[in-house]
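Engineer: My questions all concern the structure below.
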Amino acid sequence: DIIRTIRDPEKPNTLEELEVVTEGGVEVQEIGEEEYLVVIRFTPTVPHCSLATLIGLCLRIKLQRCLPFRHKLEIYISEGTHSTEEDINKQINDKERVAAAMENPTLREIVEQCVTEPE
């Protein structure tokens, strides 16, 4: 429910409407006392989507802000659905790279527009 309303950076649709995120791509496992592993697999609309990293960043930021429990978060592109999935997976799961991206004012503004709940 938390990620279904994230908007696509280029289109007026949500990631759910575009089937970039689906319920089947979300896994939650208990890994400790009141701590969970949340794994998200998303599917870009095209295999060479230039915004796949940005979409992964939006997913991470929204979940970090909204999950009401302690968690470890892993976000991946669905296997075989993007030409550079391995590189993107590394990037969106690297805390330092995510922090650096969010320090960029332009990127931060785009992420905020995508993750802000519609009125």
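Engineer: Counting Lys and Arg as +1 and Asp and Glu as -1, what is the net charge of the other residues whose Cβ lies under 11 Å from the Cβ of Asn13?
Structural biologist: Numbers: positive: Arg7, Lys11; negative: Asp8, Glu10, Glu16, Glu17, Glu19.
Residues near Asn13 contribute -3 overall.
Engineer: Further, regarding this structure: Relative contact order, percent, of the chain when contacts are C-alpha pairs under 8 Å separated by at least 6 residues? Can you show the working numbers first?
Structural biologist: Values: 167 pairs, mean separation 33.0, N = 119.
Answer for the chain is 28 percent.
Engineer: Any idea what the dipole of the chain comes to, in debye rounded to 20, about its Cα centre with Lys/Arg Cβ at +1 and Asp/Glu Cβ at -1?
Structural biologist: Working: 13 positive and 24 negative charges, 60 e Å.
That gives the chain a dipole magnitude of about 280 debye.
Engineer: Let me ask you something else. Can you tell me how much longer the chain between Asp87 and Lys11 gets when fully stretched, taken as 0.36 nm per residue apart minus their C-alpha distance, in nm with one decimal? Don't skip to the answer; put the middle values down first.
Structural biologist: Working: separation 76, 0.36 × 76 = 27.36 nm, distance 2.41 nm.
Contour length minus Cα-Cα distance gives 25.0 nm.
Engineer: Pop out the carbon and sulfur fraction of the accessible area of the chain as a percent, whole number, probe 1.4 Å.
Structural biologist: Accessible surface attributable to carbon and sulfur in the chain totals 48 percent.
Engineer: Under a crude label model (7 Å from the Cα following the beta-carbon direction), how far is Ile2 from Arg97 in nanometres?
Structural biologist: The answer from the label model is 2.2 nm.
Engineer: OK, next. For segment 1-64, what is the relative contact order in percent, using Cα pairs closer than 8 Å and at least 6 residues apart in sequence? Intermediate values should be presented prior to the final figure.
Structural biologist: Details: 65 pairs, mean separation 19.7, N = 64.
Once normalised by length, the contact order is 31 percent.
Engineer: Compute the accessible area per residue over the chain, keeping the other protein chains in place, probe 1.4 Å, unit Å².
Structural biologist: On the way: 7340 Å² over 119 residues.
With the other protein chains kept in place, the chain gives 62 Å² per residue.
Engineer: Using only the Cα atoms of the chain, what do you get for the radius of gyration and for Dmax, in Å?
Structural biologist: 13.6, 40
Engineer: Say R0 is 35 Å: what FRET efficiency, to the nearest 0.05, do Thr106 and Glu30 get from their beta-carbon distance?
Structural biologist: Values: r = 38 Å, r/R0 = 1.09.
The calculated FRET efficiency here is 0.35.
Engineer: Could you name the lysines whose alpha carbon sits less than 19 Å from that of Lys95, not counting residues in the same chain fewer than 8 places away?
Structural biologist: Cross-link targets: Lys62, Lys72.
Engineer: In addition: In the chain, what % of DSSP beta bridges are antiparallel (nearest 5)? Walk me through the numbers before you get to the answer.
Structural biologist: Details: 7 of 15 bridges.
Percent antiparallel among DSSP bridges in the chain is about 45.
Engineer: Given only helices, namely DSSP H runs of n ≥ 4 each adding -39500 (n - 2.57), what is the per-residue ellipticity at 222 nm of the chain, to the nearest 500 deg cm²/dmol? Present the calculation step by step, with values, prior to reporting the outcome.
Structural biologist: Working: 4 runs with 43 residues, N = 119.
The per-residue figure over the chain is -11000 deg cm²/dmol.
The values are calculated or read from the model by the stated rules, or taken from the named source; none is laboratory data. Owing to the predicted nature of the structure, the values given are computational and were not obtained by experimental measurement. Cβ atoms come from the backbone with ideal geometry, glycine included; neighbour counts cover every protein chain shown. Just so you know, the surface numbers come from the protein's heavy atoms only, side chains and all, with ligands and any DNA or RNA stripped out. Shrake-Rupley method; radii C 1.70, N 1.55, O 1.52, S 1.80 Å.
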